[in-house]
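Undergrad: The structure's right below; bear with me while I get my questions together.
The values are calculated or read from the model by the stated rules, or taken from the named source; none is laboratory data. The structure displayed is predicted, hence computed values, not measured ones. Every residue, glycine among them, receives a Cβ derived from its backbone with ideal geometry; neighbour counts consider all protein chains shown. Remember, those area values only see protein heavy atoms, side chains included, never the ligands or the DNA or RNA. Shrake-Rupley method; radii C 1.70, N 1.55, O 1.52, S 1.80 Å.
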Amino acid sequence: MDCYKVSRSDPLSGEVEISGAKNAVLPVMAATLLAPGVSRIRNVPNLKDVRTMADVLRVVGARVSFSGDEMSVDATDVSHFEAPYELVVTMRASIYVLGPLLARFGTARVSLPGGCAWGPRPVDLHIWGMEQLGAEVTVAHGYIEAKCRPGERLKGAEIHFPISSVGATANVVMAAVLAEGTTVLNNAAVEPEIDNLCEYLVSMGAKIEGIGSRTLRIEGVETLRPGDGVTIPDRIEAGTFLCAAAITRGRVRCLKTEPKHLMEVIRAFVRMNYQVDYGEDWIELDARSAEPRPVKIVTQPYPGFPTDMQAQFLALLATIPGNSVVQETIYADRFKHVPELDRLGATIQLQGDTAFVEGGAKLTAATVMASDLRASAALVLAGLVAEGTTKVTRIYHMDRGYERFEQKLSALGGRIERASDGE
Ligand code: UD1
């Protein structure tokens with residue numbers, strides 16, 4: 001298994017191009033199943049999760065091909081309506097095929113994803129949403145089996161999500177675009193990845209009003225045509241590189257990014273006293289003469305501070321003198337990185353859903369284990385300032401969601417190399 005060896009680095013400096021967003025492209029890939037013909041997706045990142053989703057599409061009978069950062073999906077001959085356990089267990093987002101398969105073919109069978117590294121992650125709202133659209137859903141033998149009533153399509157409905165869920169919103173939107181009649185989704189998630197999906201569905205002929213708002217009004221159509229769209233930039237990748245600039249006291253400019261998707265992250269940096277500038281498609285953080293101060297951060301659904309940036313900020317805050325507080329309101333247990341950061345010399349205490357950071361610690365290298373994607377990034381960040389060479393194991397998590405990470409980091413001056421640890 002591969003690991004990273006990360007050594008204490010000079011302040012990072014330079015420009016880095018941000019890739020297309022993993023969490024945006026995965027539901028769009030599933031959406032291509034809604035129409036026969038060849039759909040096209042541009043600005044697709046070359047990631048393990050994208051390849052896994054391509055395998056899910058192939059298993060159901062679609063033909064997937066890549067040309068540079070463009071992907072084509074021919075969903076004409078889809079004939080097997082099941083996402084098997086073997087794939088779903090490696091990537092929860094496989095559940096995104098539930099809505100499209102059910103809506104187009106009237107039947108879908110998708111393995112339950114099970115738990116994840118940061119605790120239980122239920123899919124009850126995905127299932128409930130399909131039921132609201134008239135599907136009969138059973139859960140048996142570890143699989144979700146959803147069917148339309150014999151001879152019927154899904155039926156539009158007024159649905160009020162009890163909590164804001166990115167995944168459930170995406171899945172239900174993809175089902176509702178081919179339902180009979182009108183669907184109104186209240187308390188829909190407003191993450192940029194949902195807007196990106198809705199725009200893609202519109203390119204396929206879907207009728208969706210209220211894109212970007214908490215209420216989506218979807219007029220079901222009988223058929224859709226192949227889609228074409230560009231994946232939005234990965235806001236979490238950009239935020240991670242800004243953290244890398246901050247923690248090494250360097251200056252990094254992220255190119256091909258979308259500052260408006262990162263406003264709460266930028267605000268957090270500014271509250272911490274970092275200099276952040278941005279233009280239409282770039283963001284720069286300059287920490288060279290910063291005197292950073294501690295901060296309180298609370299993760300929230302978009303437009304709040306993203307849970308996917310929580311681990312990276314904890315690594316940063318561990319190095320900043322003073323007491324910081326990070327409250328995790330989306331996934332109360334998402335703190336597997338904390339004991340690993342503590343092994344590098346950080347002082348972080350957990351109490352329920354809150355991490356109390358006694359910042360300013362001098363970090364020292366150790367072997368640490370990555371437990372999930374963003375936790376891995378946090379450990380690499382800490383490794384950039386820890387005295388010595390930090391070994392981060394299980395970096396297959398990084399490969400799931402950061403495109404050419406070590407190349408991009410090295411180009412900025414980060415001392416990182418991939419090695420095999422023979423595990
Ligand atoms: C997506 C992102 C993930 C991010 C998360 C929150 C993808 C592939 N993943 O995950 O990186 O951390 O959004 O921004 O886009 N919930 C339920 N029942 C459900 C579904 C969700 O109770 O059926 C709860 C979850 O436990 C959580 C909250 O809703 O507390 C939000 O989760 P959700 O937005 O659905 O996250 P994902 O779509 O799984």
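Undergrad: Scan the helices (runs of 4 or more DSSP H) fully inside segment 24-134 and keep the ones with 2 or more residues being farther than 27 Å from LEU216 by Cα.
TA: 48-59, 85-88
Residues are listed down the side, and each one gets a yes or a no for (1) closer than 21 Å to VAL177 by Cβ; (2) within 14 Å of the ligand (Cβ to nearest atom); (3) in contact with a strand residue (DSSP E or B) (Cβ under 6 Å, 6 or more places away or on another chain):
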position	(1), (2), (3)
LEU57	yes, no, yes
HIS80	no, no, no
THR107	yes, no, yes
PRO113	no, yes, no
HIS126	yes, yes, no
ALA140	no, no, no
ILE144	yes, yes, yes
GLU152	yes, no, no
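Undergrad: With respect to SER9, is the statement that it is open to solvent by 10 Å² or more (accessible area, probe 1.4 Å), on the phi < 0 side of the Ramachandran plot, of a type outside the set (A, V, I, L, M) and assigned to a loop (DSSP other than H, G, I, E, B) true?
TA: Taking the combined requirement at face value, the residue satisfies it.
Undergrad: Please list, ordered by first then second residue, the pairs with beta carbon atoms under 8 Å, 6 or more apart or interchain, first in segment 156-184 and in a loop (DSSP other than H, G, I, E, B), second open to solvent by 40 Å² or more (accessible area, probe 1.4 Å) and among the β-branched types (Val, Ile, Thr).
TA: Matching pairs, first to second residue: GLY156/THR182; LEU178/THR223.
Undergrad: When segment 255-266 is examined, which residues are found to be surrounded by 14 or more Cβ atoms within 10 Å (Cβ to Cβ) and free of Cβ contacts under 8 Å to residues at least 40 places away in the same chain?
TA: Selection gives PRO259, LEU262, ILE266.
Undergrad: From the set of residues in segment 295-305 that are in a loop (DSSP other than H, G, I, E, B) and open to solvent by less than 50 Å² (accessible area, probe 1.4 Å), which is farthest from ARG253 (Cα to Cα)?
TA: PRO301
Undergrad: Return the pair list, or none, for Cβ contacts closer than 6 Å from residues in segment 228-254 that are modelled with pLDDT of 95 or more and within 16 Å of the ligand (Cβ to nearest atom) to residues that are in a strand (DSSP E or B) and open to solvent by less than 10 Å² (accessible area, probe 1.4 Å), at least 6 apart or on different chains.
TA: Note: pairs meeting the criteria are THR231/GLY20; ALA238/CYS254.
Undergrad: So, one more: Given segment 340-414, what helices (runs of 4 or more DSSP H) lie entirely inside it while holding 2 or more residues that are at positive phi and either without any contact (Cβ under 8 Å) to a residue 24 or more places away in the chain or touching a Phe, Trp or Tyr at 6+ places or on another chain (Cβ under 6 Å) (or both)?
TA: none
Undergrad: In addition: Considering only residues that are open to solvent by less than 10 Å² (accessible area, probe 1.4 Å) and more than 10 Å from the ligand (Cβ to nearest atom), which ones fall in segment 306-321?
TA: Scanning segment 306-321 gives ALA311, GLN312, PHE313, LEU314, ALA315, LEU316, LEU317, ALA318, ILE320.
Undergrad: Any residue that is within 11 Å of the ligand (Cβ to nearest atom) and not β-branched (Val, Ile, Thr) - is there at least one of those in segment 174-186?
TA: No, there is no match, as no residue in segment 174-186 is within 11 Å of the ligand (Cβ to nearest atom) and not β-branched (Val, Ile, Thr).
Undergrad: Looking at segment 267-278, which of its residues are open to solvent by less than 10 Å² (accessible area, probe 1.4 Å) and assigned to a helix (DSSP H, G or I)?
TA: ALA268, PHE269
Undergrad: Looking at segment 207-251, which of its residues are part of a loop (DSSP other than H, G, I, E, B) and either surrounded by fewer than 18 Cβ atoms within 10 Å (Cβ to Cβ) or polar (S, T, N, Q) (or both)?
TA: GLY210, GLY212, SER213, ARG214, THR215, VAL221, GLU222, THR223, ARG225, THR231, THR248
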